[in-house]
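Reviewing the structure listed below.
The values are calculated or read from the model by the stated rules, or taken from the named source; none is laboratory data. The model shown is predicted, which means the values in this text are computed figures rather than measured ones. Please note: Cβ atoms are built from the backbone with ideal geometry, for glycine as well, and neighbour counts cover all protein chains shown.
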Amino acid sequence: MNILVSGATGFIGQSLLKSLSPNEHNIYAVVRKIDTRLHSSVRQFTLETLSNIDKKIDVFINLAGENIASKPWTEKRKKHLYDSRVTLTDSVRLALQHPPSLVISMSAIGFYGVARHGVFSEDTPPKGGFSHELCKAWEDSAHAFLNDQTRIVIFRLGVVLGRGGALNKMRLPFKLGAGGPIAGGKQWFSWVHIDDVVNAITTAMRDQDYVGEYNLVAAELIEQQHFAKAYARSLNRPAVLPTPRWMLNAIFGEMACLLTEGAKIVPKRLEQQGFEFSFDTIEKALEDIENQ
């Protein structure tokens, strides 16, 4: 296959590339500038040179997007988040000489907006808020690839757990015993192991029945305090120092809702599709990660 990847140097991108053999695929990456972190077998293109790919792309895997939770949501920051997702996706579509046969694009459970109550499957109407607006625009930009030749698959990700990403940023506070419940810890915590993310992507590449939007989260429904205790236990540390809601609101402003809120998100369509998660409990997932 001819596979084009955006966000190839990110947490998910690096894990995905390890599973894609250069002996079986021609792998291309969309980059801002040539990046030495990528293997020499990966051919790199900027948006300006992307039109030089004269072969039809079989799969465009769209992983790009700046971390939504790394900085407060100022108006400038919101524009960066939008451009790194929506503008980039639009630019790739316009630059390619031929439409891809398949587009697999990431989104997030932030699509459902700010909520703590209710159960959200793929057909549940979302709440409002910036995270919904951003995810909706990103999904719309992926759907713009749709034509008679292109299949579209969108994965709405929960917190992706692995050696890197969000868990890597949590590690030091938890090691210091400061990983207690956030804002009471009663909000729901939707998570997925990185191996299951990679497996879902590669399964969608092979299986023509995968079409449309999927919640890519483990079926286990846990509260944030459950996660905090499980992660601390995996590190042999206590989880006793809570983080109050007012402090997060003061530090992060509007963005604090990503930490203080969380509804029940269920992978209804993946289960209907027969997808099997390798890691179905948080304890099993964390044990695997800490043993790597």
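So which residues in region 1-19 are out of contact with any helix residue (DSSP H, G or I) (no Cβ under 7 Å at 6 or more places or on another chain), assigned to a loop (DSSP other than H, G, I, E, B) and under 18 Å from A64 (Cα atoms)?
Listed by number, the residues that qualify are T9, G10.
For region 91-113, give me each residue that is farther than 16 Å from V266 by Cα, surrounded by 19 or more Cβ atoms within 10 Å (Cβ to Cβ) and over 14 Å from the mean Cα position of the chain (by Cα).
Within region 91-113, V92, P100, L102, V103 meet the criteria.
Closer than 21 Å to E66 by Cα and at pLDDT 95 or above - does that describe any residue in region 171-180?
Checked region 171-180: no residue is closer than 21 Å to E66 by Cα and at pLDDT 95 or above.
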Of residues in region 231-251 being in a helix (DSSP H, G or I) and out of contact with any Ser or Thr (no Cβ under 9 Å at 6 or more places or on another chain), the one nearest to G179 (Cα to Cα) = A232
Quick check, is D209 under 21 Å from V59 (Cβ atoms), in a loop (DSSP other than H, G, I, E, B) and modelled with pLDDT of 95 or more?
-> yes
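Test K79 against the stated conditions and say whether it is surrounded by fewer than 20 Cβ atoms within 10 Å (Cβ to Cβ), among the basic types (K, R), under 20 Å from the mean Cα position of the chain (by Cα) and under 18 Å from G158 (Cβ atoms).
no
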Being modelled with pLDDT of 95 or more, touching a strand residue (DSSP E or B) at 6+ places or on another chain (Cβ under 6 Å) and farther than 30 Å from D148 by Cβ, is that true of even one residue in region 225-246?
-> no
Within region 239-292, restricting to residues that are β-branched (V, I, T) and under 30 Å from T74 (Cα atoms), the one that is nearest to the chain's Cα centre (by Cα) is I265
Region 252-289 - residue that is among the polar types (S, T, N, Q) and in a loop (DSSP other than H, G, I, E, B) and, of those, surrounded by the most Cβ atoms within 10 Å (Cβ to Cβ) | T281
Can you tell me which residues in region 134-176 are over 25 Å from A219 (Cα atoms) and in contact with a Gly (Cβ under 9 Å, 6 or more places away or on another chain)?
-> P173
Scanning region 274-292 for residues that are out of contact with any Asp or Glu (no Cβ under 7 Å at 6 or more places or on another chain) and either aromatic (F, W, Y) or over 30 Å from R245 (Cα atoms) (or both) gives G274, F275, E276, D288, N291, Q292
Could you give every pair whose Cβ atoms fall below 6 Å, whose first residue belongs to region 149-168 and is more than 22 Å from K229 (Cβ to Cβ), and whose second residue is charged (D, E, K, R), counting only separations of at least 6 or pairs across chains?
-> I154/E139; I154/E213
Among residues of region 193-226, those that are aliphatic (A, V, I, L, M) and without any contact (Cβ under 8 Å) to a residue 60 or more places away in the chain, counted = 1
Listed by first then second residue, the pairs whose first member lies in region 1-28 and is touching a residue at least 12 places away in the same chain (Cβ under 8 Å), whose partner is of a type in the set (S, T, Y) and not in a loop (DSSP other than H, G, I, E, B), with beta carbons under 6 Å and at least 6 positions apart or on separate chains, are L4/Y28
